[in-house]
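J.: Right, I'll just put the structure down here and ask away after.
Every number here is computed from the coordinates shown, using simple stated rules; none is lab data. Given the structure is predicted, the values throughout are model-derived calculations rather than measurements. So basically every Cβ, Gly included, is an ideal-geometry build from the backbone, and we count neighbours across all protein chains shown.
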Amino acid sequence: MSGVAGLRLTVLVLESDVRRHRPLYSEIVHLAHRAGLRGASVFRGVEGFGASSRIHTTRLLSLSEELPVAVVVIDTEERVRAFLPELTGLLGNDGLITVEPVEVITGAADGPEPDPAADREPFPAEGRHGGADPARGGPEPHPPAGPDATTDPAGDGPEPDDRPGRAPGGPS
């Protein structure tokens, strides 16, 4: 199986970095979208350190807003290189950019050009939780089970908490 050559652009910033009253990682995603890149994903780190050598972790509440965030874009070399001047202008002195060659095996690498002006839904028609939309050709959603499926699917009251150290019916 052969793929298409491309570049992976990774931008590392802090979750607390802000531009134009919006998180910097979000500004990067929107800039990439406007530039017509094929896609961008944001990954939140649970622990890390950077130039300051301070370790940021979810375990320390005082530093939990300073967690590392990675924005990853994979596209053709031409598109990624054309995007770099805009990106570096947005970042200023914040963040770290890496660019690595990749081979794209699956996906829309050979597909139609993206339309940055297209009105896109924030999530697929199925939604975040795997629901279906019959109006778009998806299957009918399953009807709720039990007398009160929103709070008690089986209809027989609360389940006992049988985890060690927990009293039945106690807080979880």
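J.: About its Cα centre, how strong a charge dipole does region 1-101 have in debye, to the nearest 20, once Lys and Arg get +1 and Asp and Glu get -1 at the Cβ?
T.: With Lys and Arg at +1 and Asp and Glu at -1, about 160 debye.
J.: So, one more: Once the piece of chain linking ASP94 and SER41 is laid out straight, how much longer is it, given 0.36 nm per residue of separation minus the C-alpha distance between them? Walk me through the numbers before you get to the answer.
T.: Numbers: separation 53, 0.36 × 53 = 19.08 nm, distance 1.87 nm.
Result for the pair: 17.2 nm of gain on full extension.
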